[in-house]
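Take a look at the structure set out below.
Every number in this text was worked out from the coordinates using simple rules, so none of it is lab data. Everything quoted here is computed from the prediction, not taken from an experiment. Here Cβ is always computed from backbone atoms with ideal geometry, including for glycine, and neighbour counts include all displayed protein chains.
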Amino acid sequence: MDLKYWVGFNQVPGIGPIKFKQLLDHFGDAGQAWEAEARELKEAGLDAKAIENLLAFRQKVSLEEEIDKLSKAGIKVVTWSDKNYPEKLRSIHDPPPLLYRKGELLSQDGWAVAVVGTRSPRPYGRQIVEEIASDLARSGVTVVSGLARGIDSLAHRAALEAGGRTIAVLGSGIDVLYPEEHKPLAEAIIKQGVILSEYPLGTPPVAENFPRRNRLISGLALGTVIVEAGADSGALITADYALEQGRELFAVPGNVTSPKSRGTNKLIQEGGAKLIFSAADILEELNMTMIQEQRQAAAVLPQNETEALVLGTLSTEPMHVDEIGRQTRLPISQVTGTLALLELKGLVRQVGGMHYILAREARLPYTVD
């Protein structure tokens, strides 16, 4: 893979994740797609405007210079083809082909929870978000938010002060920090987490970028927590994305007379969000109360054919261990041992009476013929 072509396509107006994937599927790699003639681009499925934009853009840009800019600014890029591309983002409707980053993406960031809310919280909201974010961080959960004023920045700071990791997702180019007063916070996040953006260098923080940015905040996380959000809060856009992506949604209840809590209270009332009071509620709901053990198991226990067989029998409907044994034709002792390991990995969940279900984030390690 030649990174410069990925960076180039990411700057062409009218070519987003879906069209870029069409090009990759048609041409096989980004380099051939970049050099293709108009006729070939049309055959690949690009519309006339996108073709016009691409032909014009590649005449005026030097891809080598673009890569040099990134290098000089200390900005790294992670793409779909990289092993450290966030796994949870791969499963959303339109994951960005590449992410610009400052800081490091770690495997432990797979255990993440997004925390978002109003830009002007009341003392109640400040207290709650600081408690939840710090407790999540101390439990080994990476806190994801958007570096905005208010709840976002409070969540980042609380995670950092608790010694945990945090991810900030920007609605601008990674070199155009917004708001500017959060520069010290951003620098602290880079040392203890990572800042991400799908937008090219120099992209200003215009209003239309932020709703789209919010899909990444929820997409990076197992669940999203809304702490204080008015009826028209941008945090509710993140909530909608979380539900659309099949992720868990949580909301902290607030004073029914406060405009700051109308959005969160409505989410609870309508059943879209689970009411939570603390980080413990989130950890229990997401099966993350044994997160350290899950990490150790995932790190040291190899995925093998036996695990694949057991996982392949399970669904969201409870299944007794005896039935799993019959379907896999494995000894019960081997089935129960494998289930115990898979539970530590967070891939399955016991729901009582030796019945098991497939956990939300479980995926088969590989296909068994």
Cα-projected label distance for Arg149 with Lys191, points at 7 Å along beta-carbon direction, nm
2.6 nm
Based on other C-beta atoms within 10 Å, arrange Ser81, Ser145, Ser233, Ser333 from fewest to most.
Ser333, Ser81, Ser233, Ser145
So what is the relative contact order for the range 131-250, in percent, with contacts set as C-alpha pairs under 8 Å and at least six apart?
21 percent
If I model a spin label as a point 7 Å beyond the Cα along the Cα-Cβ vector, how far apart are those points for Val256 and Glu40 in nm?
6.5 nm
Antiparallel as a % of all DSSP beta bridges within the chain, to the nearest 5?
40 percent
For the chain, what's the relative contact order in percent, using C-alpha pairs closer than 8 Å and at least 6 residues apart?
12 percent
Dividing the helical contributions, -39500 (n - 2.57) per DSSP H run of n ≥ 4, by the residues of the chain yields a 222 nm value, nearest 500 deg cm²/dmol, of -13000 deg cm²/dmol
Please compute the modelled spin-label separation between Arg326 and Ala280, points set 7 Å along Cα→Cβ, answer in nm with one decimal.
4.1 nm
Taking the range 182-332 and dividing mean pair separation by its residue count, relative contact order in percent (alpha carbons under 8 Å, at least six apart)
14 percent
Listed residue pairs exceeding 18 Å between alpha carbons, taken from Lys19/Lys49; Lys4/Lys88; Lys76/Lys345:
Lys4/Lys88; Lys76/Lys345
Going by how many other beta carbons lie within 10 Å of each one, how would you line up Arg247, Arg39, Arg326, fewest first?
Arg39, Arg326, Arg247
Would you please calculate the Kirkwood hydrodynamic radius of the range 54-167 over all C-alpha pairs and express it in Å, rounded to one decimal?
16.2 Å
Just tell me which aspartates and glutamates come within less than 15 Å, Cα to Cα, of Lys102; anything on the same chain fewer than 8 places away is out.
Asp175, Glu187, Glu198
For each of Val194, Val321, count neighbouring Cβ atoms within 10 Å of the residue's Cβ, then give the residues from fewest to most.
Val321, Val194
